[in-house]
Structures are given as C-alpha cells and as structure tokens.
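Structure record follows, encoded as structure tokens.
None of the figures in this text is laboratory data; all of them are computed from the coordinates on show. The structure presented is a predicted model; accordingly, all values stated were derived computationally and were not measured. Every residue, glycine among them, receives a Cβ derived from its backbone with ideal geometry; neighbour counts consider all protein chains shown.
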Amino acid sequence: MIWYPYEQMKTMKEPYKIIDADGVYLYTQDQKLIDSVSSWWCMIHGYKHPELTEAIKEQADHFCHVMLGGLTHDPVQKLSKKLEEFLPGDLDYCFFSDSGSVAVEVSLKMALQYNTNQGRKRPLVLALEHAYHGDTFKAMEVGDDEDYHFAFEEKAGVVHIPTEIAALEDVFEKYHDKLNCFIVEPLLQGAGGMRMYDIDFLKRARELCTKYDVLLIFDEVATGFGRTGNRFVADLVLPDILVLGKALTGGYIGHAVTVANHKVYDAFYSDNDRHALMHGPTFMGNALACAVALKGIEIFEREDYMSKVKRIEEISRREMADFTDPRIREVRIMGGCTCVEVYDPKTLEGFKQFAYERGVFSRPFLSYMYSMVPYVIKEEELVKIFDTMKEWFAM
Ligand SMILES: Cc1ncc(COP(=O)(O)O)c(C=O)c1O
C-alpha cells in the first residue's frame, strides 16, 4: 500500500489517478486538467516534451546509470561543464545528488567542513523564518515551518531571522564568529507560504557574509530556472554555494546539484585525505538525469524561457489586478508564481475539487492558493486558472 506525502492516511481523500500527461495537461479517466502547480513546481517544459523524452531514450540505449565512485561518463561531464558556463560568477564545482533535500544537506555539510578544514569551530547556521529547505534532518532543522516539521523540536544549531535588514545586522553583530553559513530561499520562500522579499536584503547579506567569511548559500531548488522572473537570483547577488533541483531536469527525473565556488572548493582541495568531502549518493550524476538536464537547459536557452516567464508575470498581474475579496489577505505575484493568501484556511476547503471539476489541478495548502505554472502554458490556459480562482470567491 502507498503511504502518501503530507497526509493523515486515515482521513485522506482519494488522490486523482493520472493516466496520461501532455504539455500542461494531466489526464484522469474523466477529466483533462491544466496542471497549475507544475508537479510541485518542477515541470517547466510541460509533460511529454518530445525532445526531453528522446534524450532519455537515447541515453537509455547506452546505459541508464553507473556510479560516480571511480567511474565517470559523458552526460555528467557535459552537464557539469554546461553548468560551469551557464551559472554566474565562479560557481564552478558541481556535486550531484538525487533530490533537493539531499543537495541542501550537502551544502550545509560543505559549509561546516569549510570551517573545520581551516581549523575553525563554527557550529551555527543562520536561516530565515518561514524557511523550507526539504524534509531530511538537517534541512528540517534549518527550516522554520511548524506545519511541516512540528515533530522535530531540537533546533540548537540554527538561528532564524525575518527578512529585515536590521535583524540581519543584529544577528551578525552577535553571532558572526559562530556562523558557518547563511542559507536562504532567495526572493521567494515557497513552502513557507510563497513569501516574497526584496533584493536589498540579499545584497546586505552578501556584504556581511563576505566581511565575516560566512558562506552564503542560495537554495534555488524552487526559484532556479526562472521562477522569480530572474534566471537565477544568483545572477543578481552571487552566493558561495548554489543549490538546484526540480527544474534542473525539467522535472523528468529526480536530480539536484550543489554548486560551490572556488573559495569553498579550495578549502577541501588538499594533501590531507581528511579534508575531502565524504558524501556520495548512489544515484549522483545519474546518466538519464544528466542527459535530460542538458537537453532541458538547451531548450531553456534556445526558446528564450525568460521571455515566457515575463509574459506569464504580465498576464498574471493583468488578470489579478483588481481582484479583492474580504477573505483575502493579499495577492502576491513574482515571475511565474502567483499566491492568494486568505485570512482563514477554511476559506480554501473544497477548492481543489472545485478546480478539478473546472479542468484545473490545484493544490492549495494552509492559507495559500497559488499557481506555479509550466512555462509553456498558453494565455487562455493561464487565464482559465485565474478565472477558476476568482469563481471560487464569487460563490
Ligand atoms: C526551496 C526548497 N529546497 C529544497 C526542497 C526539497 O527538494 P526535494 O523535494 O527534491 O527533496 C524543496 C522542495 O520543495 C524546496 O522548495
């Protein structure tokens, strides 16, 4: 029997069974649904993209997987080379892993060991209030979302601050010699409630991190590849470590990467074996995942996906411009993400089924109704998502 995610199995409603998927559409036996959440935000090219499917098939004809321990192969070499050129600054060293959570773990391990390799004890991680970085243990610890991680109480190794410059300056003043890193979801905090904040906060964070040699980690598992309206937020403010997942493979196969800059890599590069990074997920650098990621990046560049995100943002702003309701606290839009936050979570009870009946797959959580659409969506499909949201409040 399947144990489903984030569900009380005793009261869970039967999930919709998908029998096919194509473009932005999911198909059940009796319904055709626009996927308004891109399968947990990863499916930027849409489903059954012929070139992506072909890239996987072609690689499968050679081999699907070999380990990276003592072996290497073309797809992983090409992907790391491509990322070196595609990513900003000196983010050049790619450590692959099988999921966003694991890639976050790797980044935190790098930050801690960056210090121990230099004979420094810096046990603390700085993170944001409402942060979400995944469901593995250290990722949960640096996360700050009661609704996901309430079972996990010990948070001795982390300090959380709001996205306010005064709080940032204050915490650096107090803890700068104990902090090994500052990890953030830059500009857009996803699972913590689609919270959006200003680039100035990150600019100040960069200055303070540089001043005190605290590593700045951008968890762009959700924001990477255009979601905020920037290719990467790392294009605006350069972190020391960048974590990518989800859209890296266009959502076709689970894979992620932790990319370090030269300063971080150099702290591990030594004659001392104990300075090595002791990590190695079985499926890191999986050949199918690398092949599809390479093809995905090629399409992203060739088809100018950033102009598609810009268009999505324009349509979203136009469609939601005058939309208000006494039950709505705020409508927020950034790039390819729109969030309608309500005062009372009960307001959204039943919306998922309501949307299903109108041909939209939506998955609101807590007080948040949102869309994170595939970038290949057509204008009328996007409008239909917003119309469905508005109709719900018109009832
Ligand atoms: C910002 C962020 N980091 C990490 C993760 C974890 O990624 P994964 O689900 O692939 O483990 C997520 C997942 O939603 C995320 O949004």
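Just a few scattered comments:
- Hey, E381 of a type in the set (D, E) and either free of Cβ contacts under 8 Å to residues at least 24 places away in the same chain or under 23 Å from V309 (Cβ atoms) (or both) or not: yes
- Flag: S38 matches the condition of being out of contact with any strand residue (DSSP E or B) (no Cβ under 8 Å at 6 or more places or on another chain), crowded, with 19+ Cβ neighbours inside 10 Å, of a type in the set (G, A, S) and touching a residue at least 12 places away in the same chain (Cβ under 8 Å).
- When M12 is tested against (1) closer than 26 Å to Y375 by Cα; (2) more than 16 Å from the ligand (Cβ to nearest atom), exactly one condition is not met: (1).
- Extreme residue, farthest from R317 (Cα to Cα), among residues of the stretch 349-368 that are touching a strand residue (DSSP E or B) at 6+ places or on another chain (Cβ under 9 Å) and without any contact (Cβ under 8 Å) to a residue 24 or more places away in the chain: K352
- With respect to being buried (at least 20 other Cβ atoms within 10 Å of the Cβ) and in contact with a Phe, Trp or Tyr (Cβ under 7 Å, 6 or more places away or on another chain), C209 fits the description.
Quick grid of which residues meet (1) surrounded by fewer than 19 Cβ atoms within 10 Å (Cβ to Cβ); (2) under 23 Å from the mean Cα position of the chain (by Cα):
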| site | (1), (2) |
| --- | --- |
| E303 | yes, yes |
| K310 | yes, yes |
| E319 | no, no |
| Y343 | yes, no |
| P364 | no, yes |
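- Check on H49, touching a Gly at 6+ places or on another chain (Cβ under 6 Å) and surrounded by 15 or more Cβ atoms within 10 Å (Cβ to Cβ): no
- A191, sole failed condition from (1) more than 17 Å from the chain's Cα centre (by Cα); (2) on the phi < 0 side of the Ramachandran plot: (1)
- G193 being within 16 Å of the ligand (Cβ to nearest atom) and either over 19 Å from R120 (Cα atoms) or surrounded by fewer than 24 Cβ atoms within 10 Å (Cβ to Cβ) (or both): yes
- Odd one out for G46 among (1) on the phi < 0 side of the Ramachandran plot; (2) away from the ligand (no atom under 16 Å from the Cβ); (3) touching a residue at least 40 places away in the same chain (Cβ under 8 Å): (1)
- Each residue in the stretch 79-117 was checked for being among the small types (G, A, S) and within 12 Å of the ligand (Cβ to nearest atom), and 6 pass.
- When residues in the stretch 197-213 are screened for being assigned to a loop (DSSP other than H, G, I, E, B) and either touching a residue at least 12 places away in the same chain (Cβ under 8 Å) or under 27 Å from S307 (Cα atoms) (or both), 2 of them pass.
- Here F137 meets the list (1) without any contact (Cβ under 8 Å) to a residue 60 or more places away in the chain; (2) over 24 Å from A167 (Cβ atoms); (3) away from the ligand (no atom under 16 Å from the Cβ) almost entirely, failing just condition (3).
- Unique match (being over 27 Å from G296 (Cα atoms) and within 15 Å of the ligand (Cβ to nearest atom)) among D145, D200, D177: D145
- Single unsatisfied condition, M9 versus (1) touching a residue at least 40 places away in the same chain (Cβ under 8 Å); (2) among the hydrophobic types (A, V, I, L, M, F, W, C); (3) outside any helix (DSSP H, G or I): (1)
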